[in-house]
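The block underneath contains the structure these notes are about, expressed in structure tokens.
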Amino acid sequence: MEENMEEGQTQKGCFECCIKCLGGIPYASLIATILLYAGVALFCGCGHEALSGTVNILQTYFEMTRSAGDVIDAFTMIDIFKYVIYGVAAAFFVYGILLMVEGFFTTGAIKDLYGDFKITTCGRCVSAWFIMLTYIFMLAWLGVTAFTSLPVYMYFNLWTICRNATVVDGANLCLDLRQYGIVTIGEEKKVCTSSESFIKMCDSNELNMTFHLFIVALAGAGAAVIAMVHYLMVLSANWAYVKDACRMQKYEDIKSKEEQELHDIHSTRSKERLNAYT
């Protein structure tokens, strides 16, 4: 009988411990972090592969070559974009972890462990800093989303030309890279529907794959923007929570001080009455 009671108390203790641990998880920050990682992964992975596909298309069908020396051409810019993608992936992986840690330290379970004073003083400054930083990153991702839409627009035009060339017989449509600033005005790099390279490009899976990779990268950038907005809402709520906790702590300090003064006054009067009676 006693063993069953001890086993029941042990199970009850484990259950309460699990409930407490689950209650300390910042679910809003967790959802935003998953969305951020998914968006960054899609943007970086698909964007990197789409840039590699773009290099192959430019070299194979537009007969472009890398410039000798330190001249900045389209291939150099693509290499720079790839390095930027590497930096973005690493930076936001770390930033997502930091935001999760900040979310844990503003939940009720961690607050009970470390006390109100540490949470309200340190957490208030940390929350304000993360709000400012997340707002800046949100604006940056908006710019990235707008910039990613440019290659999607270019490939959509190319895909439309391929489609119209197969639908309209005898149509002579051309795509000139000078229209998009990929090459200088003095260079003439274009393909027309009457050329053999254009037909091969439209029939290849490389063009279709690169186009869809850029679309997925654009969707990933949009998901990162939504994650930043979600983080802003979470951080603003944490800021309000920490601010209210600070005010409540001041109120409790003042209340306990007044109660202590009243207790001291009552004790003093009781002693005076006792002395007067004796």
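Please treat every number below as a calculation from the coordinates, not as lab data. This structure is a prediction, so every number in the text was calculated from the model and none was measured. All Cβ positions, even for glycine, are placed from backbone atoms using ideal geometry, and neighbour counts span all protein chains on display.
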Virtual spin-label span in nm between Ile254 and Val229, 7 Å along Cα→Cβ | 4.0
Karplus 3J(HN,Hα) series, Hz, for segment 217-222 with 6.51 cos²θ - 1.76 cosθ + 1.60 (x for Gly, Pro) = 4, 5, 5, x, 5, x
Spin-label model distance (nm) - Leu142 vs Glu63, 7 Å beyond Cα toward Cβ = 4.5
Gain in length, Ser267 to Trp129, computed as 0.36 nm per residue apart minus the alpha-carbon separation, to one decimal in nm?
-> 44.9 nm
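Can you figure out the FRET efficiency of Val101 with Tyr27, using R₀ = 25 Å and their beta-carbon distance, to the nearest 0.05?
So the FRET efficiency works out to roughly 0.95.
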